[in-house]
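Taking it in order: structure first as structure tokens, then the write-up.
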Amino acid sequence: MTQPVSAAARTLRVLKALKGHTITGLSNTELTQLTKDSPSNISRAMQTLIEEGLAVKLDNGRFAHSIGMLQIAQAHAEHMARLTQRMQETNQRIAAGSMN
């Protein structure tokens with residue numbers, strides 16, 4: 001017997017399925033195939049993602065990550081870049097024998 005999947009889990013699966021399709025988007029049918037979920041569940045999940053500002057419906061009727069979702073990804077990338085820079089600076093000081 002399989003366990004039921006929560007609406008939150010379904011929605012997150014759909015959000016992840018959109019990865020790599022920011023410009024062209026995916027159709028409801030494509031999302032159904034990728035997530036192995038029903039079209040009605042995909043529609044509900046997409047409505048939730050749109051309402052929360054994480055996805056958009058494109059002019060061609062397909063779905064993609066929203067600018068808000070991309071801003072989250074960009075903020076993560078920028079944070080990681082800052083941390084990488086700090087680690088490199090620390091490693092350079094260690095290698096140079098700095099006491100500061």
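No lab work stands behind these numbers, since they all come straight from the coordinates. These numbers come from a predicted model, not from an experiment. Here Cβ is always computed from backbone atoms with ideal geometry, including for glycine, and neighbour counts include all displayed protein chains.
Roughly how many Å is it from the Cα centre of segment 53-85 to that of segment 9-45, as a whole number?
Segment 53-85 and segment 9-45 have Cα centres spaced 16 Å from each other.
Taking the number of other C-beta atoms within 10 Å as the exposure measure, put VAL5, VAL14, VAL56 in order starting with the fewest.
VAL5, VAL56, VAL14
Going by alpha carbons, how many degrees (0 to 90, nearest 10) lie between the helix axis of 39-51 and the longest principal axis of the chain?
50 degrees
With runs of 4+ DSSP H residues as the only contributors, calculate the mean residue ellipticity of the chain at 222 nm using -39,500 (n - 2.57) per run, divided by the residue total and rounded to the nearest 500.
My calculation for the chain gives -20500 deg cm²/dmol from helical runs alone.
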